Ligand code: PBG
């Protein structure tokens, strides 16, 4: 037998690395950080080993830990001291994200991205203003009750502007409201923040992989679910449509979320658009690898790296990941 093609020739030490197609670099990674206004000490997040909710006073120290690993960007999530029906603490000048952002941008060189959403701030845990009546009947079987889209847009504009005023380098709306990117762009521009880019959670699925995050950020819906605004996991063509709408409204970076179960969507978007693509390797993707490694069933460092390489190979330029610090450390 005469073999002419022997791909194994390039898999030997010395050449294997040279022909590697995909690299993960610390500068591709964004580390999520949780700032909690209800505590004055660091609280470990049980479902996300190695992560903590930190008080505002610790936000700079927390971000400095991230920077030490070589990761240069953080995404700030906030847990407010109180919640109400409208989520008013989300756009308060002295809100938890605003306070943390002010400190971190003043005292560190981190690139600060803020999550723009209402679910951590509303008493009902939904990502916007509820339809009339939705507040009263919070039992089962109210999946039809929904969030008012257009009234929520006004609030998202206010939140984004308050984050920019506090110094946020970039804002990232995650509520999956129709028209959210356009509304936020308009508010930012009107307040003289035309230089602040928007990373849209453009294709965000209604995913069970967000479970640990909802513990971490205390943002689970008090009733019903998010399927009337987040995307159906069955749909890929619809993701292109969602992304196209965000591009038309001025999105600067296009994000897919979660990452690993939706790599086809990452790849489709990479093909179709020339904007930077981000993927969010979410809390459940992190938690399951940790759980398996605790049992001794998987080698954590290796599966973490393989996950991030796969996400980049599919076409992501940026990765939001709870593995950011550990992976950057090992590079
Ligand atoms: C808030 C938000 C969520 C996540 C990021 N921003 C939760 C949700 O939509 O329920 C999930 C992140 C993760 O699971 O790591 N809208």
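Table for the structure above
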{"read-out": "Fewest-first ranking of 300, 263, 318, using other Cβ atoms within 10 Å as the exposure measure", "value": "300, 263, 318"}
{"read-out": "Fewest-first sequence of 3, 254 by Cβ atoms within 10 Å of each Cβ", "value": "3, 254"}
{"read-out": "Overall form of the stretch 1-122 per C-alpha gyration tensor (a/c, 1.5; a/b vs b/c)", "value": "prolate"}
{"read-out": "Highest to lowest packing among 49-55, 157-163, scored as the average C-beta count within 10 Å", "value": "157-163, 49-55"}
{"read-out": "Cα centroid of the stretch 21-52 to Cα centroid of the stretch 187-207, whole Å", "value": "22"}
{"read-out": "Global geometry of the stretch 230-284, whether rounded, prolate or oblate, following the gyration tensor of its Cα atoms and the 1.5 cut on a/c", "value": "prolate"}
{"read-out": "Alpha-carbon centroids, the stretch 54-98 and the stretch 281-331: separation in whole Å", "value": "23"}
{"read-out": "Nearest 10 degrees, 0 to 90: helix 149-165 Cα axis against the chain principal axis", "value": "70"}
{"read-out": "Using a Förster distance of 30 Å, the FRET efficiency for residue 302-residue 271 (Cβ separation, nearest 0.05)", "value": "0.55"}
{"read-out": "Computed E for residue 107/residue 39 - FRET, C-beta separation, R0 22 angstrom, nearest 0.05", "value": "0.60"}
{"read-out": "Average Cα contact separation per residue, the chain, under 8 Å, 6 or more apart, as relative contact order %", "value": "18"}
{"read-out": "Debye equation applied to the C-alpha atoms of the chain, log10 I(q)/I(0) at 0.11 Å⁻¹", "value": "-0.68"}
{"read-out": "Over the stretch 222-331, relative contact order from alpha-carbon pairs under 8 Å, at least 6 apart, %", "value": "26"}
{"read-out": "Whole-number D in µm²/s for the stretch 208-253 (Stokes-Einstein; Kirkwood sum over Cα pairs; 4 °C, 1.567 mPa s)", "value": "101"}
{"read-out": "In degrees, nearest ten, helix 300-314 long axis to first principal axis of the chain (Cα)", "value": "80"}
{"read-out": "For the chain, built as a Gaussian network whose Cα springs stay under 10 Å, the top-fluctuating residue of 241, 102, 226", "value": "241"}
{"read-out": "Principal-axis tilt of helix 180-190 within the chain, Cα atoms, nearest 10 degrees", "value": "70"}
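Laboratory data are not the source of any read-out in this text; all were calculated from the coordinates shown. As the structure is a computational prediction, the values presented were derived from the model and not from experiment. Please note: Cβ atoms are built from the backbone with ideal geometry, for glycine as well, and neighbour counts cover all protein chains shown.
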